[in-house]
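Q: My questions all concern the structure below.
The values are calculated or read from the model by the stated rules, or taken from the named source; none is laboratory data. This one's a predicted model, so the numbers in the text were calculated from it and none came from an experiment. Every residue, glycine as well, gets a Cβ built from its backbone with ideal geometry; the counts of neighbours run over all protein chains shown. Please note that ligands, DNA and RNA were not included when accessible areas were found on the heavy atoms of the full protein model with its side chains. Shrake-Rupley method; radii C 1.70, N 1.55, O 1.52, S 1.80 Å.
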Amino acid sequence: MIKVLESWGVKHVYGYPGGSISSTLHALEVEQENITYVQVRHEQVGALAAAGHAKATGEIGVAFGSAGPGAVNLLNGLYDAKEDNVPVLAIVGQVPRANVNYDYFQEFPEVPMFTDVADYNRVVMTPESLPYVVDKAIREAYKNNGVSVVVIPNDIGFEEIEDVPFSSAQLTDQKADPQPEATDEEVNHLLEMIKQAKRPVFHVGSGIKDNQDKLQKLSEKLQIPVVITGLAKGKVDDDFAGNMGTSNRAASKAADEVFGSADLVIALGANFPFANLVYRTHDFTFVQIDNDKSKFGRHHYLNYSIWSDSGKFLDKALELSEQQPESPFYKAAVEDMKDWRAYLDSLMNKTEGELEYEQVYREINRIAEPDALFAVDVGDNIINSFRFLNMKRGQKMTISALFATMGYGLPGAIAGQFAYPKRQVFNIAGDGAFSMVMQDLLTLNKYNLPVINVITSNQYLSFIKSEQDDLTMNDFGIDLKDAKFKDIAEAMGVHGIEVNKAEDLSAAFDEALATSKAGKPVLIDTNITGKRGIPVEELQLKIEGDHFVEYISDGYQKAHGKRSIEEFFAEYDASELKPFPYYLEKYGVQL
């Protein structure tokens with residue numbers, strides 16, 4: 001079985017020992033010069049690391065757990081892989097066949113538990129079939145961009161079988177699948193729809209792949225601003241003027257405003273989990289372009305669809321389209337985003353007062369290398385990373401996107417550092433998320449992984465606090481007991497640094513960078529304020545007469561009291577921001 005993994009290029013297997021997985025551990029010991037067993041301290045971390053490996057590399061990630069509790073602990077990471085459509089193989093232990101159905105210790109009917117999460121879910125019945133089943137499981141994981149589970153009774157792995165080739169891995173099939181291509185007729189029809197629209201917007205997801213140059217050319221040529229999903233962060237240049245950033249809550253002001261005023265939305269390779277909120281704010285014409293026909297109409301009624309690979313569509317659209325004159329709507333969007341970026345810069349560059357999260361991101365940007373990998377945990381750091389991380393072309397971010405499980409950051413960083421040992425790797429996590437998996441600082445120590453852990457500590461589950469603040473309820477159950485993460489890190493053999501003042505931040509990051517470059521893991525515990533970032537999702541637009549009016553949502557005003565746009569901006573130290581209708585009027589955008 002392990003030889004089959006090796007034939008598929010698997011270099012690392014993440015897991016935790018147990019009695020029912022001993023035959024797999026024995027095989028890993030025999031093959032340790034060819035494949036590395038990474039001992040994590042919790043099966044959830046192993047499964048999340050496998051998912052993180054797949055997200056960072058596109059290659060299959062592999063994790064294992066023992067029967068019963070070990071199998072259950074894998075589920076969190078496996079659902080993360082399923083929801084984010086990445087290939088992962090889970091090898092699951094089971095009691096020896098002679099003890100099955102005897103209510104044996106840790107015996108557990110594991111197949112039903114994995115039925116929903118796994119596209120391929122099998123129990124190995126004979127020793128001879130074990131390599132075959134694992135080989136097929138890997139092929140199915142790649143085919144489905146999802147999870148395969150193989151349950152192995154422990155005694156099977158100890159039996160000898162004939163030494164013949166079992167793997168189907170071949171170089172001949174290591175090539176891209178044929179992709180659908182947009183026709184001239186389809187693209188010309190869309191171009192005509194764009195001509196008829198007054199405020200068209202691209203909504204771009206990770207399906208853009210590496211076609212950002214083509215997208216940016218088309219955006220400028222057709223004068224259409226681009227709103228991105230979270231998984232497209234870094235796939236469209238942050239400094240591209242037409243990039244409005246992400247929408248909804250983990251969003252830029254400009255993205256929410258531009259999307260909220262659009263009369264034509266062109267979704268390109270986007271699977272947007274908040275569409276049921278954002279796509280329902282107002283009526284618009286909806287066009288979807290995707291290479292997966294099953295996604296058509298998933299989030300909004302279709303006015304038109306094009307079954308096509310994103311790159312092939314962009315090639316065709318660039319070929320058939322003509323340069324459009326300057327669009328007032330595009331100019332208004334670009335200036336709105338410029339205004340937003342200036343606001344973010346002003347927050348990051350504060351040098352006085354208490355330590356705040358924006359200054360932490362300033363330092364991450366300062367020391368981040370051009371090919372750095374960021375594993376970002378769930379919570380306010382998702383919002384802040386989308387807003388403040390200045391992503392460069394060679395950099396990469398991985399997150400738990402659709403499943404959004406807390407505790408992803410450290411496992412994602414572990415996997416990223418194993419996959420790319422010469423690249424700089426960050427784990428960015430809040431105190432709530434990090435405390436779920438902090439035992440695996442020991443894994444960083446054991447394998448000398450020079451990950452830079454940046455922990456933003458404010459003694460609250462801030463993401464949930466903001467949600468409770470916007471409801472007619474008191475904050476409850478969200479306060480966290482302070483943990484001295486510096487001391488915890490030191491006790492686990494990881495260099496720890498604590499920062500409490502803004503003026504000490506740069507020196508702390510210099511120290512962290514030097515530690516990482518020396519080949520050692522490091523943790524910076526940044527004790528920030530509990531300040532909330534501006535909730536741009538509360539900005540609403542409506543048409544009154546011949547112009548747009550912007551206002552604060554009724555729900556926010558019900559929870560916080562009546563306020564004007566100006567009062568709302570001032571509340572978040574954003575008095576310099578201007579409502580989007582200001583720019584629409586400035587450039588004479590016609591409704």
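Q: Going residue by residue through the stretch 132-144, is there one that turns out to be in contact with a Ser or Thr (Cβ under 9 Å, 6 or more places away or on another chain), of a type in the set (D, E) and outside any strand (DSSP E or B)?
A: Yes, there is a match, as at least one residue in the stretch 132-144 is in contact with a Ser or Thr (Cβ under 9 Å, 6 or more places away or on another chain), of a type in the set (D, E) and outside any strand (DSSP E or B).
Q: Is it the case, given these coordinates, that D504 is assigned to a loop (DSSP other than H, G, I, E, B) and among the acidic types (D, E)?
A: no
Q: List pairs: first in the stretch 423-439 and over 22 Å from Q395 (Cβ atoms), second assigned to a strand (DSSP E or B) and among the hydrophobic types (A, V, I, L, M, F, W, C), Cβ under 8 Å, 6+ apart or cross-chain?
A: Once the first residue is over 22 Å from Q395 (Cβ atoms) and sits in the stretch 423-439, its partners that are assigned to a strand (DSSP E or B) and among the hydrophobic types (A, V, I, L, M, F, W, C) give D431/I455.
Q: Considering only strands (runs of 3 or more DSSP E) fully contained in the stretch 11-69, which possess at least 1 residues that are in contact (Cβ under 8 Å) with a residue 24 or more places away in the chain and open to solvent by 10 Å² or more (accessible area, probe 1.4 Å)?
A: Ranges flagged: 12-15, 36-39.
Q: Could I ask something else about it? Got a number for residues in the stretch 463-491 being in a loop (DSSP other than H, G, I, E, B), open to solvent by 40 Å² or more (accessible area, probe 1.4 Å) and not β-branched (V, I, T)?
A: 10
Q: Sticking with this structure for a sec: For the list (1) farther than 19 Å from T229 by Cα; (2) open to solvent by less than 50 Å² (accessible area, probe 1.4 Å); (3) out of contact with any Leu (no Cβ under 7 Å at 6 or more places or on another chain), I need the number of the one condition that H300 fails.
A: (1)
Q: Across the stretch 166-191, what is the number of residues that are open to solvent by 90 Å² or more (accessible area, probe 1.4 Å) and either closer than 30 Å to S129 by Cβ or outside any loop (DSSP other than H, G, I, E, B) (or both)?
A: 7
Q: Could you list, in sequence order, the residues of the stretch 507-537 that are out of contact with any His (no Cβ under 9 Å at 6 or more places or on another chain), more than 15 Å from E369 (Cβ to Cβ) and not small (G, A, S)?
A: I524, D525, T526, N527, I528, T529, K531, R532, I534, P535, V536, E537
Q: (1) more than 17 Å from I194 (Cβ to Cβ); (2) surrounded by 15 or more Cβ atoms within 10 Å (Cβ to Cβ): which one isn't true of I289, the others all being true?
A: (1)
Q: Additional query: Those residues that are under 14 Å from F284 (Cβ atoms) and either surrounded by fewer than 24 Cβ atoms within 10 Å (Cβ to Cβ) or charged (D, E, K, R) (or both), I need them from the stretch 225-255; list them, please.
A: None; the set is empty.
Q: Considering only the stretch 450-462, state which residues are out of contact with any Ser or Thr (no Cβ under 6 Å at 6 or more places or on another chain) and either surrounded by 22 or more Cβ atoms within 10 Å (Cβ to Cβ) or in a strand (DSSP E or B) (or both).
A: V451, N453, V454, I455, S457, N458, Y460, L461, S462
Q: Give me the pairs, please: first residue somewhere in the stretch 355-367 and open to solvent by less than 10 Å² (accessible area, probe 1.4 Å), second residue anywhere and of a type in the set (K, R) and assigned to a helix (DSSP H, G or I), beta-carbon distance under 9 Å, and either six or more positions apart or on two chains.
A: E358/R387; Y361/R387
Q: Further, regarding this structure: Please find, within the stretch 359-394, the residue that is farthest from the chain's Cα centre (by Cα) out of those that are within 23 Å of Y460 (Cα to Cα) and β-branched (V, I, T).
A: For the stretch 359-394, the residue satisfying everything is V360.
Q: For the condition among the aromatic types (F, W, Y) and buried (at least 24 other Cβ atoms within 10 Å of the Cβ), what is the one hit in F374, F388?
A: Criteria check complete, one pass: F374.
Q: Which of the residues that make up the stretch 518-562 are of a type in the set (A, V, I, L, M, F, W, C), in a strand (DSSP E or B) and surrounded by 14 or more Cβ atoms within 10 Å (Cβ to Cβ)?
A: Residues satisfying the conditions are V522, L523, I524, L539, L541, F548, I552.
Q: Take the stretch 61-81 and flag every residue that is within 21 Å of E107 (Cα to Cα) and touching a Ser or Thr at 6+ places or on another chain (Cβ under 7 Å).
A: Correct list: F64, S66, A67, N76.
Q: Looking only at residues in the stretch 75-85 that are closer than 8 Å to G146 by Cβ and open to solvent by 10 Å² or more (accessible area, probe 1.4 Å), which one is farthest from the chain's Cα centre (by Cα)?
A: The residue in question is K82.
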